[in-house]
Amino acid sequence: MKIQASIRQYWPTAALFVALIAIWQLAVSLTGIREYLLPAPLSVWNAMWDGEITWAQHLWVTSWEIVGAFFMAAIVGVALGVAIAWSPLLANALVPFLVFVNTLPKVAVAPLFLIWMGYGIFPNMLMGALIGFFPVVINTAVGLSQVEADMLDLGRVFHAPKWKIFVKIRIPNALPYILSALKITATAAVVGAIVGEFVASQKGLGYVIVTTQSSMNTGVAFAALVWISIVGLVLYGLVVVLAHLWAPWAEGVD
Amino acid sequence: MADSLIDLSGVGMTYQAASGPVEALAGISLEVGQGEFVSLVGPSGCGKSTLLRIVAGLRPATVGTVTVGGRTVAQPIPDIGMVFQAPILLKWRSILDNVLLPAELAGKEKRAYWARAHELLEMAGLHGFAEKLPRELSGGMQQRASLCRALLLDPPLLLMDEPFGALDAMTRDDMALELLRIWGERDLARDQRKTVLFVTHSIGEAVFLSDRVVVMSPRPGRIAADLRIDLPRPRTVELRASEAFGQLSLEIFRTLTGRAVGATGAA
């Protein structure tokens with residue numbers, strides 16, 4: 001049974017999770033630690049549904065930023081990867097430049113985005129995309145070039161044009177590599193969006209966390225963290241499902 | 001030979017390595033007749049795989065002339081089927097779609113070859129596996145699928161580069177028989193069969209399969225001997241135990257190792 005198998009696989013995770021929550025709740029109750037230092041899980045749960053904070057709106061804004069960042073990184077990353085694999089000239093021109101961009105501490109660029117673009121969803125998307133695009137470039141380029149020499153000889157024997165080798169052999173070959181990079185991008189997009197919100201925002205879950213610094217409302221900060229991780233997990237999960245659907249021949253480690 | 005399909009004359013090949021030019025092949029002159037099964041045996045690095053690629057037009061010869069079917073080979077020629085040591089099937093395609101790949105690469109209508117592909121899979125004992133992915137098949141079955149792929153466009157010439165080299169000994173012997181059956185040893189006249197150029201490390205395999213065995217010397221690869229294998233066809237498993245088979249194998253072994261008659265066993 002499939003259900004039984006997944007129960008067998010996931011029960012330790014679930015058990016550990018429940019145990020940790022319980023220990024946390026107990027520790028807070030028994031030690032009487034102040035709420036602003038460490039709120040109990042129940043307070044976090046209550047804060048997550050607190051009507052005073054417009055959670056739905058913040059969730060909406062942050063989710064948009066994350067999804068936007070993810071798609072930007074995916075599209076730009078794949079396009080750059082294809083360019084690099086297609087032409088040695090482009091590879092020589094682009095690769096050193098991309099490596100340089102990747103070594104920049106992206107977080108340090110966030111204030112510049114504020115100066116250039118002001119407040120809004122777009123600069124935060126851009127931040128997420130900037131953090132998440134590099135692995136996609138590399139994995140796309142590697143996946144496109146990891147084709148057996150004998151297979152390419154087969155293409156040459158039949159005088160197959162370069163684009164046909166790309167469409168029929170190289171791109172499908174790169175798909176598992178790209179999907180595996182997109183799992184990293186999904187996480188990076190979350191980081192980027194929140195960093196962007198930290199630096200400049202009036203909405204979003206990152207903004208909520210910043211405001212709790214002055215109000216000492218730690219429960220709300222925890223609640224925002226939980227919401228962020230839920231968004232991140234959903235996106236990650238979607239990429240994993242996509243990988244199962246699009247590249248079932250390359251089942252790897254998730 | 002009037003009806004030769006492959007004609008190599010004074011073929012040499014030198015490539016540039018980091019340490020300087022390396023002569024891989026020298027003075028290769030070889031004719032392979034229509035419908036003939038010729039094996040190339042030789043030590044590792046003697047350039048036999050390179051020679052195969054020169055015939056295919058995949059690598060240029062540095063000197064000499066190469067003609068296939070009367071035409072000079074200057075670029076890859078499409079009238080060949082190639083089988084490599086690894087099956088190199090596309091992992092994401094069904095076995096059927098892998099077999100159909102040459103039609104797509106050559107820009108032909110895929111549907112037109114659908115029946116032919118099924119016929120080939122049937123012949124190779126893979127009819128039940130057309131819709132399976134390569135990873136669901138054993139190594140031997142994958143290699144049979146890659147043979148079907150090589151035969152799809154019905155090329156007059158098959159170039160095989162150690163096709164059974166990665167298989168275990170029993171599967172290997174099995175595949176040799178399979179290959180001869182598919183080649184049409186029993187049911188096709190000599191001039192209707194495909195011409196096969198077969199690279200192998202195995203002396204036994206070369207003798208068992210071939211009409212001729214060409215023995216190559218170490219680098220630069222030259223032709224050390226060209227032996228006619230006058231064993232009766234169809235070849236059978238029992239043949240491997242015959243005296244004639246043993247004599248031929250021994251002769252090739254001696255040419256390869258350079259040991260004189262009677263010297264074996266003394267060392």
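The values are calculated or read from the model by the stated rules, or taken from the named source; none is laboratory data. These figures come from a predicted structure and were not determined experimentally. Reconstructed Cβ throughout: ideal geometry from the backbone, glycine too, with neighbour counts over all protein chains shown.
Select from the stretch A:217-253 the residues that are in contact with a Pro (Cβ under 6 Å, 6 or more places away or on another chain) and either of a type in the set (Val, Ile, Thr) or more than 14 Å from every other protein chain (Cβ to nearest Cβ) (or both) and list them in ascending order.
Filtering the stretch A:217-253 for residues in contact with a Pro (Cβ under 6 Å, 6 or more places away or on another chain) gives A:218-219, A:222, A:247, A:250.
Within the stretch A:217-253, A:218, A:219, A:222 meet the criteria.
Among the numbered conditions (1) of a type in the set (A, V, I, L, M, F, W, C); (2) within 14 Å of chain B (Cβ to nearest Cβ); (3) in contact with a Leu (Cβ under 9 Å, 6 or more places away or on another chain), the only one that residue A:152 does not meet is (3).
The set of residues in the stretch A:155-176 that are of a type in the set (Gly, Ala, Ser) and either surrounded by fewer than 18 Cβ atoms within 10 Å (Cβ to Cβ) or within 7 Å of chain B (Cβ to nearest Cβ) (or both) comprises A:155, A:160.
Residue under question is residue A:209, and the condition is that it be on the phi < 0 side of the Ramachandran plot, β-branched (Val, Ile, Thr) and without any contact (Cβ under 8 Å) to a residue 12 or more places away in the chain; does it hold?
Working: on the phi < 0 side of the Ramachandran plot: yes; β-branched (Val, Ile, Thr): yes; without any contact (Cβ under 8 Å) to a residue 12 or more places away in the chain: no.
Here the answer is no, as residue A:209 does not meet what is asked.
Within the stretch B:11-29, is there a residue that is surrounded by fewer than 17 Cβ atoms within 10 Å (Cβ to Cβ) and either in contact with a helix residue (DSSP H, G or I) (Cβ under 8 Å, 6 or more places away or on another chain) or under 30 Å from residue B:134 (Cα atoms) (or both)?
Filtering the stretch B:11-29 down to residues surrounded by fewer than 17 Cβ atoms within 10 Å (Cβ to Cβ) leaves B:14-23, B:27, B:29.
Cutting the leftovers down to either in contact with a helix residue (DSSP H, G or I) (Cβ under 8 Å, 6 or more places away or on another chain) or under 30 Å from residue B:134 (Cα atoms) (or both) gives us none.
No: zero hits.
Consider the stretch B:109-125 and keep the residues that are part of a loop (DSSP other than H, G, I, E, B) and at pLDDT below 90. The one that is farthest from the other protein chains (Cβ to nearest Cβ) is B:125.
Within the stretch B:224-249, residues that are closer than 17 Å to residue B:35 by Cβ sit with their Cβ atoms under 6 Å from residues that are exposed (fewer than 13 other Cβ atoms within 10 Å of the Cβ) and modelled with pLDDT under 90, at 6+ positions apart or across chains, in these pairs: B:234/B:186.
Identify, please: which residue in the stretch B:21-62 is β-branched (Val, Ile, Thr) and part of a strand (DSSP E or B) and is, among those, nearest to residue B:184 (Cα to Cα)? Lay out the reasoning, then the answer.
At the first step, the residues of the stretch B:21-62 found to be β-branched (Val, Ile, Thr) are B:22, B:28, B:32, B:38, B:41, B:50, B:54-55, B:62.
Right, trim to part of a strand (DSSP E or B) and you get B:22, B:28, B:32, B:38, B:41.
On the way: B:22: 40, B:28: 29, B:32: 18, B:38: 15, B:41: 23 Å.
Selected residue: B:38.
Among residues of the stretch A:45-67 that are hydroxyl-bearing (Ser, Thr, Tyr) and surrounded by 15 or more Cβ atoms within 10 Å (Cβ to Cβ), those with a beta-carbon under 6 Å from a residue that is at pLDDT 90 or above and assigned to a helix (DSSP H, G or I) at least six positions away or on a different chain give the pairs A:62/A:193; A:62/A:205; A:63/A:231.
Looking at A:65, A:35, A:52, can you tell me which residue is acidic (Asp, Glu) and farther than 20 Å from residue A:206 by Cα?
Working: A:65 fails: farther than 20 Å from residue A:206 by Cα; A:52 fails: farther than 20 Å from residue A:206 by Cα.
Step by step, each of A:65, A:35, A:52 is checked, and only A:35 is acidic (Asp, Glu) and farther than 20 Å from residue A:206 by Cα.
Quickly run through the stretch B:98-108 and pick out the residues that are facing chain A (nearest Cβ under 10 Å), farther than 16 Å from residue A:171 by Cα and in a helix (DSSP H, G or I). Once the filter is applied, which keeps residues that are facing chain A (nearest Cβ under 10 Å), farther than 16 Å from residue A:171 by Cα and in a helix (DSSP H, G or I), the stretch B:98-108 yields B:102, B:103.
Selection of helices (runs of 4 or more DSSP H) fully inside the stretch A:50-145 by the criterion of at least 1 residues being among the hydroxyl-bearing types (Ser, Thr, Tyr) returns A:55-86, A:88-103, A:121-145.
Output the residue which, of all residues in the stretch B:63-93 that are among the small types (Gly, Ala, Ser) and part of a loop (DSSP other than H, G, I, E, B), is farthest from the other protein chains (Cβ to nearest Cβ). Break it down stepwise before answering.
Looking only at the stretch B:63-93, we keep the residues that are among the small types (Gly, Ala, Ser), and these are B:64, B:69-70, B:74, B:81, B:86.
Subsequent filtering for residues that are part of a loop (DSSP other than H, G, I, E, B) retains B:69-70, B:74, B:86.
On the way: B:69: 15, B:70: 19, B:74: 13, B:86: 7 Å.
Looking at residues that are among the small types (Gly, Ala, Ser) and part of a loop (DSSP other than H, G, I, E, B), I get B:70.
With more than 12 Å from chain B (Cβ to nearest Cβ), out of contact with any strand residue (DSSP E or B) (no Cβ under 6 Å at 6 or more places or on another chain), under 22 Å from residue A:44 (Cα atoms) and not polar (S, T, N, Q) as the only criterion, which of A:179, A:205, A:144 stands out?
Details: A:179 fails: under 22 Å from residue A:44 (Cα atoms); A:144 fails: under 22 Å from residue A:44 (Cα atoms).
Just one listed residue meets the conditions, A:205.
Consider residue B:240 carefully, then state whether it is within 27 Å of residue B:125 (Cα to Cα) and either hydroxyl-bearing (Ser, Thr, Tyr) or part of a loop (DSSP other than H, G, I, E, B) (or both). Here the answer is no, as residue B:240 does not meet what is asked.
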